[in-house]
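**Student:** First the structure, which I've put down as structure tokens, then a few questions once you've had a look.
The values are calculated or read from the model by the stated rules, or taken from the named source; none is laboratory data. It should be emphasised that the depicted structure is a prediction, and the values quoted were computed from it without experimental measurement. Backbone-built Cβ (ideal geometry, glycine too); neighbour counts: all protein chains shown. Note: accessible area is taken over every heavy atom of the protein model, side chains too, but ligands, DNA and RNA are not part of it. Shrake-Rupley method; radii C 1.70, N 1.55, O 1.52, S 1.80 Å.
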Amino acid sequence: MLKKVTFPALLCFLFVAKVSIAQQNEMLIYHPIQTDKAGNIVPWYNPDPATAYDHNLHTIWNFWFNMRRDPNGLPYYMNHQVWNARFDDPRGIGGDQFMMAISSWRLLYAYTGDENVKSNIYFLAGYYLTHGLSPANCKWPDIPFPYNTLIYSGIYDGDMRTGRGVAQTDKAGSFGLELVHAYKIKNDPLFLEAAVKIANTLAVHVKTGTLTHSPLPFKVDVFRGTAALLELPNGDGKPKDTASYTSNLTPTLQLFFDLIELKQGKVAIYKAAADKILAWLKKYAIF
């Protein structure tokens, strides 16, 4: 006996079938959308999330590892912050680019044990140390510059917007922390010594913060020792202070804590600096 199908049930069936067909044909960036039997979106590569995750991690690493080289002989990612398959992007690196890469590869190395990943960590850290630090005799010595103002110079010497001689203190804290991690992997005193120098510079400049001024400035002219003001088109011709405030102080705090735990550097100064930062974060930035 044929079972009767009501008109609403038939409409529901046709709707579900239509949605299913649409999902099969719909693209999400590069790949057709994949769904399970319940209509939930699943990874395009493999419905098993672990398998898809592993594939994606290796795809990202292979893209980075095999990226083309620039005219100065360095990998593209050492000179640019944005990838373009057709031409070289005119901008230099991003402020935290190397530190984020080192952090990612550190986790990827723990996951895969791939020696190429570890070697890239050492390459990034070593090259940045030898081509991107402020002079030892300036007022903010031994901290990294976040930008290469001459794109293919192979030298990092300033800030993208504010110009040469300007560093970002939060990026210095990030780099110092990644150097400590690199030291823990390789046990190379070069990384630890550089991390200590960065921490020393940051710690001695930590002040009691206010509502508008964080304990460390965001951008600093390493030669003048002052926050780096930026000319903005506001009509009055006066530079605006966009450099005295940053709440991105967690990496710097962790740098201090790690060196305190290792009993390396000026431990007492690190403790005092960390206390000021924590007090400021609790009073102003976290409320």
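**Student:** What are the trypsin sites (Lys or Arg not before Pro) within segment 88-125 that DSSP puts in a loop, where the Cβ has at most 16 other Cβ atoms within 10 Å?
**Tutor:** Working: sites: Arg91, Arg106, Lys118; in loops: Arg91.
Here the trypsin sites (Lys or Arg not before Pro) that fit, given the DSSP loop and packing criteria, are Arg91.
**Student:** Report the per residue volume, in Å³, of the convex hull enclosing the C-alpha atoms of the chain. Walk me through the numbers before you get to the answer.
**Tutor:** Details: hull volume 67.6 nm³, N = 287.
Spelled out: Cα convex hull of the chain, divided by residues, is 235 Å³.
**Student:** Per residue of the chain, what 222 nm ellipticity follows from adding -39500 (n - 2.57) for every DSSP H run with n ≥ 4, rounded to the nearest 500? Walk me through the numbers before you get to the answer.
**Tutor:** On the way: 8 runs with 131 residues, N = 287.
Taken over the chain, the calculation gives -15000 deg cm²/dmol.
**Student:** Apply 1/(1 + (r/R0)^6) to the Cβ-Cβ distance of Leu107 and Thr212, taking R0 = 45 Å, and write down the FRET efficiency to the nearest 0.05. Before the final figure, lay out each step's value.
**Tutor:** Numbers: r = 36 Å, r/R0 = 0.80.
The computed FRET efficiency comes out at 0.80.
**Student:** Kindly provide the pair-distance distribution of segment 117-194 built from C-alpha pairs, with 10 Å bins from 0 and whole-percent values in order of increasing distance.
**Tutor:** 19, 50, 27, 4
**Student:** Right, next: Round to a whole angstrom and tell me the spacing of the C-alpha centers of segment 39-104 and segment 247-287.
**Tutor:** 32
**Student:** Have a look at segment 28-113 and give its Rg and Dmax from the Cα atoms, expressed in angstrom.
**Tutor:** Rg then Dmax for segment 28-113, in Å: 16.4, 53.
**Student:** Give me the accessible area per residue for the chain, probe 1.4 Å, as a whole number in Å².
**Tutor:** Averaged over the residues of the chain, the accessible area is 57 Å².
**Student:** Taking the 0 to 90 degree range and rounding to the nearest ten, how far is the long axis of helix 7-25 tilted relative to the main principal axis of the chain, both from C-alpha atoms?
**Tutor:** 50
**Student:** Follow-up. So what's the angle, to the nearest 10 degrees on a 0 to 90 scale, between helix 169-186 and the longest Cα principal axis of the chain?
**Tutor:** That works out to roughly 80 degrees.
**Student:** Nearest 10 degrees is fine. How inclined is helix 267-280 to the longest principal axis of the chain, computing both from alpha carbons?
**Tutor:** 60
**Student:** I've got another one for you. Can you compute the FRET efficiency between Glu26 and Asn46 using 1/(1 + (r/R0)^6), with r the Cβ-Cβ distance and R0 = 22 Å? Round to the nearest 0.05. Could you put the intermediate results ahead of the total?
**Tutor:** Working: r = 19 Å, r/R0 = 0.86.
Working from the Cβ atoms, E equals 0.70.
**Student:** Could you please report the charge total around Thr201, scoring K, R as +1 and D, E as -1 over all other residues with beta-carbon less than 11 angstrom from its beta-carbon? Numbers along the way, then the final one.
**Tutor:** Details: positive: Lys139, Lys197, Lys266; negative: Asp142.
The answer is +2.
**Student:** Quick check: pseudo-label points 7 Å beyond the Cα along Cα→Cβ at Asp188 and Arg224, how many nm apart are they?
**Tutor:** Distance between label points: 3.6 nm.
**Student:** So the label point goes 7 Å from the Cα of Asn72 along Cα→C-beta, right? Which residues of segment 153-173 then have their backbone N under 19 Å from it?
**Tutor:** 153-168
**Student:** Sorted by average packing, counted as other Cβ atoms within 10 angstrom per residue and highest first, what order do 252-261, 275-284, 79-88 take? Could the numbers behind the result be given before it?
**Tutor:** Details: 252-261: 20.5, 275-284: 16.0, 79-88: 12.2.
Listed from highest to lowest mean packing, they are 252-261, 275-284, 79-88.
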